[in-house]
Amino acid sequence: MALVHRRSRSSLVGDEEPDLTPLIDCVFLLLIFFMVTTVFIHTRGLDVDLPAKSETTEQVERKDINIVIDADGRIQIGGEDVTAAALVGRLKEAMQTANNDNIVIQGHTDCAQEHVVLVVDAARAAEVKGIAFAKEEAF
């Protein structure tokens, strides 16, 4: 009879723990890979000037300057008809009265673009800081 050497179970289970170094190296490599390949998206937004919250200074009330261009090309500032020649002077006067350097242009959908361009050019000549365009809502 041949002697068969059997190992005991206690000799198979050692006191050593598995080596985690390769696993940790893999995790760090994956972390570096994802950090390098991540794309950070910079969203564009509008620059908005927020009012300063100061209780010691008085806030001067600003009024909107609305310029309406009708279908026939007539230009109105604050409900008053304005000729093309007097447009720059009337804009400067309206800016001082309203304490506002911004205007809102509301053109009729059937007005010619030359009238809108005329108002924008006059606004630049009057040193308007901001121009906004309003659209009529259809009901």
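Here are a few things to note about the model shown:
- In segment 67-138, trypsin sites (Lys or Arg not before Pro) in a DSSP loop with at most 11 other beta-carbon atoms within 10 Å: Lys129, Lys135
- Computed from phi, the 3J(HN,Hα) profile of segment 76-91 under the Karplus parametrisation 6.51, -1.76, 1.60 (θ = phi - 60°) reads 10, 10, x, x, 9, 5, 10, 7, 5, 5, 8, 5, 5, x, 5, 5 Hz, with x in place of Gly and Pro.
- Interchain or long-range residues, amide H under 5 Å from Ile67's placed H: Val104, Ile105, Gln106
- Among the GluC sites (Glu not before Pro) found in segment 87-128, those both in a DSSP coil and sparsely packed, with 11 or fewer other Cβ atoms within 10 Å of their Cβ, are Glu127.
- Here the Karplus relation 6.51 cos²θ - 1.76 cosθ + 1.60, evaluated at θ = phi - 60°, turns the backbone of segment 29-39 into coupling constants of 5, 5, 4, 5, 4, 5, 5, 6, 8, 6, 9 Hz, with x for every Gly and Pro.
- Residue-by-residue Karplus 3J(HN,Hα) for segment 93-100, coefficients 6.51, -1.76, 1.60, Hz, glycine and proline x: 5, 5, 5, 5, 5, 8, 6, 9
- Förster radius 30 Å - calculated FRET efficiency between Asp47 and Asp110, Cβ distance, rounded to 0.05: 0.35
- Compactness check for segment 66-134: Cα Rg over 2.2 N^0.38 Å is 0.98.
We did not get these values from a lab; they are worked out from the coordinates using the rules stated. Small disclaimer: the values here were computed from a predicted structure and weren't measured. Using ideal geometry, Cβ is built from the backbone for each residue, glycine included, and neighbour counts are taken over all protein chains shown.
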